[in-house]
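The values are calculated or read from the model by the stated rules, or taken from the named source; none is laboratory data. Keep in mind the model is a prediction, meaning the values are calculated, not measured. Please note: Cβ atoms are built from the backbone with ideal geometry, for glycine as well, and neighbour counts cover all protein chains shown. Accessible surface is based on the protein model in full, side chains and every heavy atom, while ligands, DNA and RNA are left aside. Shrake-Rupley method; radii C 1.70, N 1.55, O 1.52, S 1.80 Å.
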Amino acid sequence: YVIIGNHSSYIDILVCYALFRKFKFVSKEMIFKIPLIGWNMYLNQYVKIRRGNLSSIKEMMATCKDWLKMGASVLMFPEGTRTETGEILPFRAGSFNLALELDVPIVPVVIYGTYEVFPKNRNELRTFQPIHARVLPPMMPKDYEGKPGKMKDDAYKMMSETLNELRA
């Protein structure tokens with residue numbers, strides 16, 4: 001699978017681990033330099049990306065393809081960065097192109113509560129905040145042949161609607 005999630009906080013990764021599914025995730029290169037955390041990421045062969053660098057993006061996509069061909073799932077945050085407002089940002093096309101090219105399903109995961117715990121640009125951790133994750137039905141590549149834009153739009157709509165349901 002290509003697992004996609006909305007990205008509100010560094011805590012999103014921990015929530016995804018609680019799904020008890022094996023995956024390799026894509027992370028910005030800077031995180032790999034954090035002692036202990038980054039070393040662990042390196043040893044687990046997670047996928048790094050240098051944002052805004054075309055050769056790094058191509059290398060990241062090639063690495064993700066290799067993992068998927070070996071039967072490993074890949075987790076990507078199609079927003080490309082954490083939201084500053086708690087709302088889902090527009091999606092980038094990479095994860096959808098990857099899924100269609102390799103004929104693997106996209107599995108959307110909607111995470112709610114992590115923004116409230118530890119949002120971007122705030123150095124304060126709020127505790128005692130419920131966190132919810134909802135795994136949505138897989139999006140099958142055969143339903144979107146040659147239409148990565150439609151797949152991206154449908155995923156965005158489903159995930160936004162689910163996030164609003166979780167908030168209610």
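Assorted remarks:
- Per-residue ellipticity at 222 nm, computed for the chain from helices alone with -39500 (n - 2.57) per DSSP H run of at least four residues, works out to -11000 deg cm²/dmol.
- Computed over the chain, the P(r) tail beyond 24 angstrom holds 33 percent of alpha carbon pairs.
- Mean projected area of the Cα convex hull of the stretch 1-58, taken over all directions, amounts to 4.6 nm².
- Taking the Cα centre of the chain as origin and assigning +1 to Lys and Arg Cβ atoms and -1 to Asp and Glu Cβ atoms, the resulting dipole is close to 420 debye.
- A crude spin-label estimate for the pair Ala18 and Trp67, with each label 7 Å from Cα along the Cβ direction, gives 2.1 nm.
- The solvent-accessible area of Lys142, taken with every protein chain present and a 1.4 Å probe, is close to 130 Å².
- Rg(Cα)/(2.2 N^0.38 Å) for the stretch 61-125, N = residue count: 1.34
- Taking the Cα centre of the stretch 17-58 as origin and assigning +1 to Lys and Arg Cβ atoms and -1 to Asp and Glu Cβ atoms, the resulting dipole is close to 140 debye.
- Of the whole protein surface, Thr85 contributes about 90 Å² of accessible area at a 1.4 Å probe radius.
- When all protein chains stay in place and ligands, DNA and RNA are ignored, the 1.4 Å accessible-area order of His132, His7, largest first, is His132, His7.
- Residue order for Ile131, Ile88 - accessible surface, 1.4 angstrom probe, largest first: Ile131, Ile88
- DSSP bridge analysis restricted to the chain gives an antiparallel fraction near 30%, rounded to the nearest 5.
- Calculated SAXS-style log₁₀ I(q)/I(0) at q = 0.12, 0.19, 0.24 Å⁻¹ - the stretch 75-168, Debye, Cα scatterers: -0.41, -0.90, -1.26
- Using a probe of 1.4 Å, the accessible surface attributed to Tyr112 totals some 50 Å² when neighbouring protein chains are kept in position.
- The relative contact order of the chain comes to 29 percent, based on Cα pairs under 8 Å that sit 6 or more residues apart.
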